[in-house]
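The values are calculated or read from the model by the stated rules, or taken from the named source; none is laboratory data. Keep in mind the model is a prediction, meaning the values are calculated, not measured. Glycine gets a Cβ as well: all are built from the backbone with ideal geometry, and neighbour counts include every protein chain shown.
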């Protein structure tokens, strides 16, 4: 009985993992398990009435009243509105014309669009669905390999979770106590590295095996060249300006993430009006979709706040440290590699927000205390590096079967000729590329830390 009481936090974590597979809503599970185990803790006299009474004030103070989290609904609105603005269609046409002679040029164009849209939407579901609808018919019509096509679109669509303004980074910043600007600047180079590695892989694969992406024959017509220049001015410059306005204002210290998200939302409306895609029906659709997405995110945040509070009150942090020590995992590198492997495996079964809200409250305090020697020093620096590594790792959760959400988004959109086998085959090399990017960020921490230091977020 004493053993059960001492390891109540471990049982709590195991119960969460087991019950998740039952298919119940994650937010309800997190909250319910937190309440139940808080009650069990009271019975076992390791969780008192005062702590239990503090649950609701804690949720209200840390989540509902958190000014940083106000940026989330605004960024969601911004991304959803941009999805309706027609920006992606214009960019695809521009890049298709510019890269038509490059091996795998159309696939590279899709990756570049995914990168640009990641910096404007920040919503994976919207990006994957939008790219699938816009780019996949064109790629298949040009004779592109089905697996390469779907793999390119799925991987490019997931960049939105890493490249700022990322909703995930806003949530993670709140969980680890770091300014959102620190994580936004820290994620830029890893995100661009990921995109570059995608492009290099596509180029080399199509160069080695031309049948994957048949070359587009014929010269650019004079009208096409003229159209390209015209469309660059109308289709590329406005979203680029919006990205610079939103992110630049945060990095320069002119605006908070919350203020910048409001400016971005207004800019998205202006782009939709400029492209003649704005109407009251579109506005109603965008607001409805944004509200539903926002409700889902905050519901999970409330449940996770409750769960993590009870878990730590039951001594969960100490138990995790004890387990790691018994496994012989003592050094900073051993703990880091253990967490990265754990998160990658969890990505096969859970969504990023579930992983984030479960893993970060447990392991962030542990990582902040471990010693990496002279390789990397300083609590804030280590936390920033670890958080971005985690975000790069969690990007794989969207692509790894059986529960990769990007795969489900895509399957619901692709034509019947594209099977789940084609999708699984297509995403495999891109998952390997993602893991390569993760390893590079681990070996060379300056990929993550250079920009935060340059902008004064880290000493």
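The residues in the stretch 253-272 that are more than 20 Å from the chain's Cα centre (by Cα) and under 20 Å from residue 70 (Cβ atoms) can be counted, and the count is 11.
Residue-wise test of (1) surrounded by fewer than 20 Cβ atoms within 10 Å (Cβ to Cβ); (2) without any contact (Cβ under 8 Å) to a residue 12 or more places away in the chain.
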| position | (1), (2) |
| --- | --- |
| 386 | no, no |
| 389 | no, no |
| 398 | no, no |
| 416 | yes, yes |
| 432 | yes, yes |
| 437 | no, no |
| 450 | yes, no |
| 455 | yes, no |
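Checking 197, 227, 207 one by one, the residue that is at pLDDT 75 or above and farther than 16 Å from residue 102 by Cβ is 197 and no other. Flag not set for residue 175, criterion: under 12 Å from the mean Cα position of the chain (by Cα) and within 25 Å of residue 264 (Cβ to Cβ). Going through (1) surrounded by fewer than 20 Cβ atoms within 10 Å (Cβ to Cβ); (2) modelled with pLDDT under 85; (3) farther than 16 Å from residue 337 by Cβ one by one, residue 355 falls short only on (1).
You will find that of 335, 286, 310, 319, the residue that is farther than 30 Å from residue 44 by Cβ and crowded, with 17+ Cβ neighbours inside 10 Å is 286 and no other.
Within the stretch 170-181, can one find any residue that is surrounded by fewer than 21 Cβ atoms within 10 Å (Cβ to Cβ) and closer than 29 Å to residue 106 by Cα? For the stretch 170-181, residues surrounded by fewer than 21 Cβ atoms within 10 Å (Cβ to Cβ) and closer than 29 Å to residue 106 by Cα: absent.
Evaluate the stretch 135-154: report whether one residue or more is modelled with pLDDT under 80, within 18 Å of the chain's Cα centre (by Cα), assigned to a helix (DSSP H, G or I) and within 16 Å of residue 352 (Cα to Cα). Looking through the stretch 135-154, none of the residues is modelled with pLDDT under 80, within 18 Å of the chain's Cα centre (by Cα), assigned to a helix (DSSP H, G or I) and within 16 Å of residue 352 (Cα to Cα). Within the stretch 252-264, the set of residues being assigned to a helix (DSSP H, G or I) and either without any contact (Cβ under 8 Å) to a residue 60 or more places away in the chain or crowded, with 22+ Cβ neighbours inside 10 Å (or both) comprises 257, 259, 260, 261, 263, 264.
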